[in-house]
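**Student:** Structure provided below as structure tokens; questions to follow.
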Amino acid sequence: QVQLVESGGGLVQPGGSLRLSCAASGSIFDVNNMGWFRQAPGKQRELVATITGSGSTDYADSVKGRFTISRDNAKNTAHLQMNSLKPEDTAVYYCRADVRPVAARTNSFRYWGQGTQVTVSS
């Protein structure tokens, strides 16, 4: 079965950097669109960045110029490089991926990771 596993969250000071990783595993034919979302306490979940299977990217205005999303297709993995972090970046970050399993390769299914906590504080 397909799984989505996130890593890289933690505590960092303002102005610091952090890199999140999201790896899809299981009986996978291919991974198409991937993205990162975040949710702060008491707020709605919001889109942070997306990347298509061909490598096209899109970013929320609040992170543009500071965050970079990338992917390693050989490992079915996406990364989110976060630089110049601000306290308002504090949230649980979730990975999302559209995956075509081997057993039903003509169909794409959307998977979410469990989330990883990012805290930006002095």
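The values are calculated or read from the model by the stated rules, or taken from the named source; none is laboratory data. Everything numeric in this text was worked out from a predicted model, so none of it was measured. Cβ coordinates were reconstructed from backbone atoms using ideal geometry, including for glycine residues, and neighbour counts include every protein chain displayed. Areas reflect the complete protein model, heavy atoms only, side chains present, ligands, DNA and RNA absent. Shrake-Rupley method; radii C 1.70, N 1.55, O 1.52, S 1.80 Å.
**Student:** In whole percent, and with a 1.4 Å probe on the protein chains, what portion of the accessible area of the range 15-67 is carbon and sulfur?
**Tutor:** Carbon and sulfur atoms account for 45 percent of the accessible area of the range 15-67.
**Student:** Just to confirm, what accessible area per residue do you get for the chain at 1.4 Å probe, in whole Å²?
**Tutor:** Using a 1.4 Å probe on heavy atoms only, each residue of the chain averages 54 Å².
**Student:** Right, here's the next one. Taking Cα pairs under 8 Å and at least six residues apart, what relative contact order does the range 36-84 come out at, in percent?
**Tutor:** Relative contact order, the range 36-84: 25 percent.
**Student:** With an 8 Å cut-off on Cα pairs and a minimum separation of 6 or more residues, tell me the relative contact order of the chain in percent.
**Tutor:** Relative contact order of the chain: 36 percent.
**Student:** Sticking with this one: Just subtract the alpha-carbon distance of W112 and R45 from 0.36 nm times their residue separation and send over the number in nm, one decimal.
**Tutor:** Length gained between W112 and R45: 22.9 nm.
**Student:** I need to check one value: relative contact order of the range 64-122, counting alpha carbon pairs closer than 8 Å and at least 6 residues apart, in percent.
**Tutor:** Across the range 64-122, relative contact order equals 30 percent.
**Student:** In debye, nearest 20, what is the charge dipole magnitude of the chain about its Cα centre with +1 on Lys and Arg Cβ and -1 on Asp and Glu Cβ, if you could check?
**Tutor:** Magnitude of the dipole: close to 80 debye.
**Student:** Enumerate the lysines that K75 could reach by cross-link, defined here as Cα to Cα under 27 Å, with residues fewer than 8 away along the same chain left out.
**Tutor:** Within reach: K64.
**Student:** Run the numbers for D61 and S27: contour at 0.36 nm per residue of separation, minus the present Cα-Cα distance, in nm.
**Tutor:** 8.7 nm
**Student:** Using amide H atoms built in the peptide plane, which far-off residues or other-chain residues are under 5 Å from R71 H to H?
**Tutor:** It is H79, by chain and number.
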